Structures are given as C-alpha cells and as structure tokens.
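S.K.: One structure, as structure tokens, below. Some questions next.
No lab work stands behind these numbers, since they all come straight from the coordinates. All figures in this text were calculated on a predicted structure; none of them were measured in a lab. Note that each Cβ is placed from the backbone with ideal geometry, even for glycine, and that neighbours are counted across all protein chains shown.
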Amino acid sequence: MKAVQIRQMVHANICVRDMERTVPFYEMLGFEKFADQEFGPGAGVWPGLGLDTQRRFRAVFMKIPGDKPVPFLDIIQFLDQPTRGEAYKTLDNVGICRLCFEVADIDAVAAHLAAQGVEFVGPVSPYETAPGVAPSGVEAKFLCVRDPDGTVIEYAQFAQDALDVIKA
C-alpha cells in the first residue's frame, strides 16, 4: 500500500466541561443532536483512547441538518476525572485549533451570533494573502467564534461554494 485510502471524514471530537451548556450552544450554531450516550468502565473504547479503563464519559453526536450523516461533531464530556485543560488561547498553537463550516450569508450569521452574545475571535474578515489578494483566486469571507469552553468554530462564505478551494 502506497498510502492510506481515505473514503471520507467521519467526525471531529470536541471535549467540553458541561454538556447541558454546550449542546444548546451548538444547536444555536446550526447543528442538530442525533445521539446521546454514556461510555462506562471497561468499555472497549478505553484502550484505543489510551485512557484508564475505569472512567466514564458522555458523548453527544451533532450533525449539520439534512440527509448527510457525516461529518459530524463528537462532543465528549468526561465524567469521572472530569474534562481538564484549556482550549487554545490563540490560533497559532500546534494541533487542530478550529473547525470550519460553510454558510451562505456570513454577515447574517455574524448578526445572529452577536445577538446571542457569542464571543467573536475577530470581525468578519476577507480571506486574503495580502490586502485585496485572494489566494489562488478564491474569494471568501470568514468569522471565528468561541464556544462556551473556548474552542474556536469558523464559518466561511465563498463566492460560489467551498469547492472553490479545490477548483483553484
């Protein structure tokens, strides 16, 4: 095998401190919950996660509305030995620091989120490599916001759609 043959992206995982606060927040961001389950001591997932097998966590799966089941968000709250650590303070850290979702009207999304009191990382901004220069001719605007635990979620509006990036 020369390379792993990936069929599709399935999910992104977000660890949170308070599921009761987080699920309504992500519903307000445009996601819908489709599963809610608890993983207990001795469950088969623990060895694969490299964690103590005597713990518990709650997982809520949330997807973009519509008939596409993937990709989805796998939101986890550790119950025994609660979720710990802090979200990235800035977006220049190593690792996956934000998730991006396409929207049709970034300004309407920004107005809606501002009315809900969502914390913005910065204003709606153009996707540029220099003032007025669209990378590879891809015209887009984006907005980054923080969830209740500080995880950054990005929305992007493209001149056509997200396929612009691939076509460039």
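S.K.: Which residue fluctuates most in the GNM of the chain (Cα springs below 10 Å): PRO65, PRO131, PRO41?
M.R.: Result: PRO131 has the largest fluctuation of those listed.
S.K.: Which label marks the calculated value of Rg/Rh (Cα atoms, Kirkwood Rh), given the options (1) 1.04; (2) 1.00; (3) 1.10?
M.R.: (2)
S.K.: When the helices in the chain are scored as -39500 (n - 2.57) per DSSP H run of 4 or longer and the sum is shared across all residues, what 222 nm value do you end up with, to the nearest 500 deg cm²/dmol? Intermediate results must be reported in sequence, preceding the final value.
M.R.: Working: 4 runs with 31 residues, N = 168.
Estimated from H runs of four or more residues: -5000 deg cm²/dmol.
S.K.: Where the centre of each part is set by its Cα atoms, how far does the stretch 9-24 sit from the stretch 81-139, in angstrom?
M.R.: Measuring centre to centre over Cα atoms gives 17 Å.
S.K.: Give the lysines reachable from LYS63 as a straight Cα distance under 30 Å; neighbours fewer than 8 places away on the same chain don't count.
M.R.: Output for LYS63: LYS33, LYS89, LYS141, LYS167.
S.K.: Kindly rank 92-100, 10-18 from highest to lowest mean number of other beta carbons found within 10 Å of each residue. List each step's numbers first, then the result.
M.R.: Numbers: 92-100: 10.2, 10-18: 15.3.
Ranked by mean Cβ neighbours within 10 Å, highest first: 10-18, 92-100.
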